[in-house]
Amino acid sequence: MSKTKKPGKHATRLSHAGRDPARFHGFVNTPIYRGSTVLYPTLDTLLADDQEYSYGRLGTPTVRALQEALAELEGGHATLLTPSGLSAIATAIQSFVSSGDHILVSDSVYRPTRRFCDTVLKRLGVTTTYYDPVIGGGITELLTERTKLVFAESPGSQTFEVQDIPAIAAAAHDAGAEVILDNTWATPLFFRPFDHGVDVVVHAATKYIVGHADAMLGVITTSESATAPVAKTHDILGLCPGPEDVYLGLRGLRTMQVRLQRHQESALALADWLAQRPEVAQVIHPARPDHPGHALWKRDFLGSSGLFAIVLHPASHEALAAMLDELELFGMGYSWGGYESLILPFDPTTYRTATKWQVEGPALRLHVGLEDIEDLKADLEAGFARLASA
């Protein structure tokens, strides 16, 4: 759709991909198209079913604009949109499996992905084995003749293990399996999955692509060979994101690079500050040299986003509540990627199966938003004071 087909830098692509103002009377942004029925001018056109748009569920100019922009940005063959990140994950997985098949899933995966595998896929006769996210090429030992895909998430969005995606992809392809990657943390700007052997990329576009905590949206981008099975499943499942959410995804895309630069800078600064705090036992941020996966991150990634974790020294529930309940800038909520800072306690000990989460104190996941970094430090410093006094 866009007239700008020159490669360009990321900032230029983000500003121009998927846009065609001349098609919409000169308006810079593609309008919101709301609709179900699309009329055909003639019987022959109807029977041929060859016009650009045929039914609202199957796409609109707004949907196509975002799909084209994301496919170009990701370096994939095609992009499809879904109503949420979880629906994108479920659709991508279902595109390659049947009853009796086996899949490998990272033990550090987004917990709703695990629930989908342990319930819906199990009921359909698909077996899931969870693997240590730092297994690398050793994943060969887990691949069987029934293994149809490997589902990776790097880094994990709670515990932030960095995976050796090229090694995992090479092993999977040797065994005839597809590789799906949840790339929400890094976005297409900071990790290029198709350059590292991935077949299908999913995003919770709700996070950094939308960027303003005001829309739900999922993205599936495919290699050429993976496009047909994913498109077929997407069509059969009848997936259709809301028009306003798609428009908000397009709007967010235009500013994603400048937002991510701020998220990255502030998160690293806050992580370094937290590493010096007496209340903090460990900072878990892949871009820090003390992270176990830092070498892989430095080799494969182009940057880091605003999400990381810390482990506190042992503290009671009451002390932790005193710290978190009165925070003014860090809200507690199950998301990230927006302009606002968030903080959330987590404990994966009850659902990890391939690895063990062994820490002595409470763990907190932080998303560093666009607020002033000194104000964020002051908010946490006051929280630490309440923690100590409790």
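Values in this text are rule-based calculations from the coordinates and carry no lab data. Quick caveat: nothing in here was measured; it's all calculated off a predicted structure. Reconstructed Cβ throughout: ideal geometry from the backbone, glycine too, with neighbour counts over all protein chains shown.
Just to be sure I understand: of the beta bridges DSSP finds with both ends in the chain, what percent are antiparallel, rounded to 5?
Details: 25 of 43 bridges.
Rounded to the nearest five, the antiparallel share is 60 percent.
Go ahead and set up a Gaussian network model of the chain, Cα springs under 10 Å, then flag whichever of T159, T233, T221 fluctuates most.
Of T159, T233, T221, the most mobile in the Gaussian network model is T233.
Would you mind checking the tilt of helix 256-275 against the longest principal axis of the Cα atoms of the chain, expressed as 0 to 90 degrees and rounded to 10?
20
Take the Cα coordinates of segment 246-390, assign each an equal point scatterer, and use the Debye formula without solvent to give log10 I(q)/I(0) at q = 0.15 Å⁻¹.
-0.81
If every alpha-carbon in segment 150-216 counts as one equal scatterer, what log10 I(q)/I(0) does Debye give at q = 0.12, 0.18, 0.21 1/Å?
The calculated log intensity ratios at q = 0.12, 0.18, 0.21 Å⁻¹ are -0.32, -0.65, -0.84.
Over segment 232-339, what is the relative contact order in whole percent, taking alpha-carbon pairs under 8 Å and six or more residues apart? Mind dumping the intermediate values first?
Numbers: 66 pairs, mean separation 25.6, N = 108.
Value for segment 232-339: 24 percent.
For the charge dipole of the chain, defined by +1 on Lys and Arg C-beta atoms and -1 on Asp and Glu C-beta atoms about the Cα centroid, which residue among C240, A169, T119 has the Cα displaced farthest towards the positive pole?
The one lying farthest along the dipole's positive direction is C240.
Taking a quarter of the surface of the convex hull around the Cα atoms of the chain, what do you get in nm²?
Values: hull surface 81.9 nm².
The Cα convex hull of the chain, projected and averaged over all directions, gives 20.5 nm².
With +1 assigned to the C-beta of every Lys and Arg and -1 to the C-beta of every Asp and Glu, and no other charges, what is the dipole magnitude of segment 124-207 about the Cα centre in debye, to the nearest 20?
Values: 4 positive and 11 negative charges, 50 e Å.
With Lys and Arg at +1 and Asp and Glu at -1, about 240 debye.
Quick one: which residues, 5+ away or cross-chain, put their amide H under 5 Å from the amide H of T147? H built at 1.01 Å from N.
H102
Counting other C-beta atoms within 10 Å, and keeping those with at most 16, which DSSP coil GluC sites (Glu not before Pro) do you find in segment 316-390? Numbers along the way, then the final one.
Numbers: sites: E318, E326, E328, E340, E360, E371, E374, E381; in loops: E326, E328, E340, E360, E371.
Qualifying residues, ordered by number: E326, E328, E360, E371.
Taking a quarter of the surface of the Cα convex hull of segment 114-253, what do you get in nm²? The partial results should precede the final answer.
Numbers: hull surface 36.3 nm².
It is 9.1 nm².
³J(HN,Hα) across segment 102-116 via Karplus (A = 6.51, B = -1.76, C = 1.60, θ = phi - 60°), whole Hz, x for Gly/Pro?
Each residue of segment 102-116 in turn: 10, 10, 10, 10, 4, 5, 9, 5, 3, 4, x, 4, 4, 4, 4 Hz.
Could you please state, rounded to a whole Å, how far the C-alpha centre of segment 289-356 is from the C-alpha centre of segment 221-267?
If we compute the Cα centre of each part, the gap is 24 Å.
Provide Rg and Dmax in Å for segment 315-390, with only Cα atoms included in the calculation.
Cα only, segment 315-390: 13.6, 39 Å (Rg, Dmax).
If you fit an axis through the alpha-carbon atoms of helix 165-174 and take the longest principal axis of the Cα set of the chain, what angle between them do you get, 0 to 90°, nearest 10?
Tilt relative to the chain: about 50 degrees.
For K356, give me every one of the aspartates and glutamates with a C-alpha distance below 19 angstrom, ignoring sequence neighbours fewer than eight places off in its own chain.
Result set, ordered by chain and number: D107, D118, D132, E153, E161, D347.
When the Debye formula is applied to the Cα atoms of segment 38-78, each taken as the same point scatterer, what base-10 log of I(q)/I(0) results at q = 0.20, 0.35 Å⁻¹?
Log-scaled intensity ratios, in q order: -0.67, -1.11.
For helix 243-254, what angle does its Cα long axis make with the longest principal axis of the chain, in degrees from 0 to 90 and rounded to 10?
60
If we restrict to alpha carbons, what Rg and Dmax does segment 59-148 come to, in Å?
15.5, 46
Using each residue's phi in segment 192-203, evaluate 6.51 cos²θ - 1.76 cosθ + 1.60 at θ = phi - 60° and report the 3J(HN,Hα) Karplus result to the nearest Hz, with x for Gly and Pro.
Values, residue by residue: 10, x, 5, 6, 10, x, 6, 9, 9, 10, 10, 9 Hz.
Would you look at the GNM of the chain, springs on alpha carbons closer than 10 Å, and say which of P278, P345, P31 moves the most?
P278
Springs between alpha-carbon pairs under 10 angstrom, Gaussian network model over the chain: which of F346, F191, F301 fluctuates most?
Of the options given, F346 has the highest mean-square fluctuation.
If the reach is capped at under 14 angstrom between alpha carbons, list the aspartates and glutamates near K207, excluding any in the same chain fewer than eight residues apart.
Partners within reach: D182, D245, E340.
Could you give each residue of segment 58-71 its phi-based ³J(HN,Hα) in whole Hz, using Karplus coefficients 6.51, -1.76, 1.60 with θ = phi - 60°, and x for Gly or Pro?
Per-residue couplings from phi come out as 8, x, 9, x, 5, 4, 4, 4, 6, 4, 5, 5, 6, 4 Hz.
Once Rh is set to the Kirkwood radius over Cα pairs, what Stokes-Einstein translational diffusion coefficient, in µm²/s, holds for segment 174-245 at a temperature of 4 °C and a viscosity of 1.567 mPa s? Can you show the working numbers first?
Numbers: Rh = 13.4 Å.
Using the Kirkwood radius from Cα pairs, D works out to 97 µm²/s.
Charges at C-beta only: +1 for Lys and Arg, -1 for Asp and Glu. How large is the resulting dipole of the chain about its Cα centre, in Debye rounded to 20? Intermediate results must be reported in sequence, preceding the final value.
Numbers: 33 positive and 45 negative charges, 150 e Å.
With Lys and Arg at +1 and Asp and Glu at -1, about 720 debye.
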